[in-house]
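Some notes on the structure that comes next.
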């Protein structure tokens, strides 16, 4: 069938991808500088000033948040889906390297303490994510190097590093002027780099950044093996079986569903309020007072969940957190951290073990007591990146019994809304397969609106699944926006490809219109807007630190209510059949 969207005509994005994939076939190191020209020509919406001498602070901040704090020391980045390939490829003791993390991207990484970073990749999407991030970071590093290398203020930076001092006063102003930053931009970079701010500036002044990358393994079989190991670890880590059980699959996050189902924070309300009033609640006292005085709209339950997260980091809070984990297990909830290359945690929730009186009042539906006769599970995973979603859901569908629903809650960029809005697509165009998927979304605005304090709910949307956050530009977005596509994200298309294979006797097609309205189980997609690419620089950071939780919890409530209503109805139907 004919496509529903035209070709973007953007050859530069595809040229960039072909360039780095062809280079990565070599067994030698690939120099990132060989990608700078094609990266710049792409004119990425996230890196519009790539080819200009002015430092692109937005791109620098974005890349820095998605790389570990050791990145100023790194020269070589080795990518692989398997630890065995890393050991065979020149990193024999990689298992003993330091585990490092990035604030803005979940990816398992290890640093050797000198110059090599090992990054575990679960699919091509990780490569499409990591290569542009490294390239953008190097471009902006070298712009700063050109501005600072001969500047007299470098001596003052060196003195600050030697004395362990922060950047203040005249020295700070000199650095700002040399970089051509506004005070706001300098403060943004300082906040992202934290205690590494001055040492990183000094490193940038003293040397160019010359990243190199290597891809070890990375075949289709390697990716399948990584997903298989992830699944086997989950199955081995829980005291119940997944085989043959009906499952509601949820891709969301590791906190909101269990908070809503167990309600630990709500039962600790008095302690949490005292924590805020007496100890400041980790900086939440002002927000608490604003809520009490009704100066800001809020959800008290969401605020309690956020306070509990802060409280759990204190000595007394750690005891409460352990108690909460024990209560989770008594409710039939098991949390499984990933141990292998795929950094995706999972939770297995037995519906028969839930205690209705503990469930968040917003989630309670009629007939919860009937769940004691349910044999169904919720499998909730921390949402993966891009094509890993396809591999995960394909593995899940082969490892469980009946699939009763697939529900996805994740971030997206919006072309017609604002940060904090909730988007619900019923059409998804997937740039990986070039397929356009049509389906019935189990959720409408009415399912989320009662639980959303901020933002607007936009249902009946059209989404596009992109190959990477950097792999889009203004021309690319304009083409799809003119065709009514307003929701830009990275996982819906791969998930729907796996759904196709779960209900059809063949692999998903390519470049077709795919109608999934006849799917025998629920399909529900809820995206919350974390970025507005047409108004660059806007993110979920607002005046309230828990603002981003609003859409997350509204979506999580809608998903849980849908699952619980479906399962209560299923239990009733089975009971009626037995009586009949």
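The table below lists the values:
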| item | result |
| --- | --- |
| The stretch 485-507, subset within 25 Å of the chain's Cα centre (by Cα) and assigned to a loop (DSSP other than H, G, I, E, B), residue farthest from residue 416 (Cα to Cα) | 491 |
| Sole residue being at pLDDT 95 or above and assigned by TED's automatic domain parsing to the domain that holds residue 60, chosen from 201, 167 | 201 |
| Neighbours by Cβ (under 6 Å, 6+ apart or cross-chain): first from the stretch 210-230, on the phi < 0 side of the Ramachandran plot; second modelled with pLDDT under 85 and surrounded by 17 or more Cβ atoms within 10 Å (Cβ to Cβ) | 226/341; 229/340; 230/340 |
| Selection within the stretch 392-440 - within 22 Å of the chain's Cα centre (by Cα), more than 25 Å from residue 553 (Cα to Cα) and surrounded by 24 or more Cβ atoms within 10 Å (Cβ to Cβ) | 429, 430 |
| Meets criteria (modelled with pLDDT under 95, in contact with a helix residue (DSSP H, G or I) (Cβ under 7 Å, 6 or more places away or on another chain) and either crowded, with 22+ Cβ neighbours inside 10 Å or not assigned by TED's automatic domain parsing to the domain that holds residue 197 (or both)) for residue 122 | yes |
| Hey, residue 350 closer than 25 Å to residue 565 by Cα and without any contact (Cβ under 8 Å) to a residue 24 or more places away in the chain or not | no |
| Residue identified as buried (at least 17 other Cβ atoms within 10 Å of the Cβ), under 25 Å from residue 65 (Cα atoms) and either modelled with pLDDT under 95 or out of contact with any strand residue (DSSP E or B) (no Cβ under 7 Å at 6 or more places or on another chain) (or both) among 153, 192 | 192 |
| Selected residue [under 30 Å from residue 302 (Cα atoms) and in contact with a helix residue (DSSP H, G or I) (Cβ under 8 Å, 6 or more places away or on another chain)] from 455, 399, 468 | 455 |
| Any hit, the stretch 545-555, residues being farther than 30 Å from residue 63 by Cβ, at pLDDT 95 or above and buried (at least 23 other Cβ atoms within 10 Å of the Cβ) | yes |
| Residue within the stretch 132-139 that is under 28 Å from residue 52 (Cα atoms), more than 25 Å from the chain's Cα centre (by Cα), modelled with pLDDT of 95 or more and surrounded by 21 or more Cβ atoms within 10 Å (Cβ to Cβ) present | no |
| Some residue of the stretch 38-49 being assigned to a loop (DSSP other than H, G, I, E, B), free of Cβ contacts under 8 Å to residues at least 24 places away in the same chain and out of contact with any strand residue (DSSP E or B) (no Cβ under 7 Å at 6 or more places or on another chain) | yes |
| Verdict on residue 238 being on the phi < 0 side of the Ramachandran plot, in contact with a strand residue (DSSP E or B) (Cβ under 9 Å, 6 or more places away or on another chain) and surrounded by 14 or more Cβ atoms within 10 Å (Cβ to Cβ) | yes |
| Among residues of the stretch 241-260, those that are touching a strand residue (DSSP E or B) at 6+ places or on another chain (Cβ under 7 Å) and within 27 Å of residue 313 (Cα to Cα), counted | 6 |
| Residue in the stretch 202-221 that is within 22 Å of residue 126 (Cα to Cα) and part of a helix (DSSP H, G or I) present | yes |
| Boolean, residue 108 is in contact with a strand residue (DSSP E or B) (Cβ under 6 Å, 6 or more places away or on another chain), outside the structural domain of residue 411 (by TED's automatic domain parsing) and either outside any strand (DSSP E or B) or modelled with pLDDT under 95 (or both) | yes |
| Filtered residues of the stretch 50-92 (kept if modelled with pLDDT under 95, crowded, with 17+ Cβ neighbours inside 10 Å and part of a loop (DSSP other than H, G, I, E, B)) | 81, 82, 89, 91 |
| Tally of residues being surrounded by 12 or more Cβ atoms within 10 Å (Cβ to Cβ) and either outside the structural domain of residue 66 (by TED's automatic domain parsing) or not in a helix (DSSP H, G or I) (or both) across the stretch 170-187 | 2 |
| Among residues of the stretch 396-408, those that are in a helix (DSSP H, G or I) and either touching a strand residue (DSSP E or B) at 6+ places or on another chain (Cβ under 8 Å) or within 24 Å of residue 441 (Cβ to Cβ) (or both), counted | 2 |
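Matching residues to (1) assigned by TED's automatic domain parsing to the domain that holds residue 258; (2) in a strand (DSSP E or B); (3) closer than 15 Å to residue 258 by Cβ:
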position	(1), (2), (3)
338	yes, no, no
347	yes, yes, yes
363	yes, no, yes
372	yes, no, no
375	yes, no, no
378	yes, yes, yes
381	yes, yes, yes
393	yes, no, no
412	yes, yes, no
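The values are calculated or read from the model by the stated rules, or taken from the named source; none is laboratory data. The structure presented is a predicted model; accordingly, all values stated were derived computationally and were not measured. For neighbour counting, all protein chains shown are included, and Cβ atoms are generated from backbone atoms with ideal geometry for every residue, glycine included.
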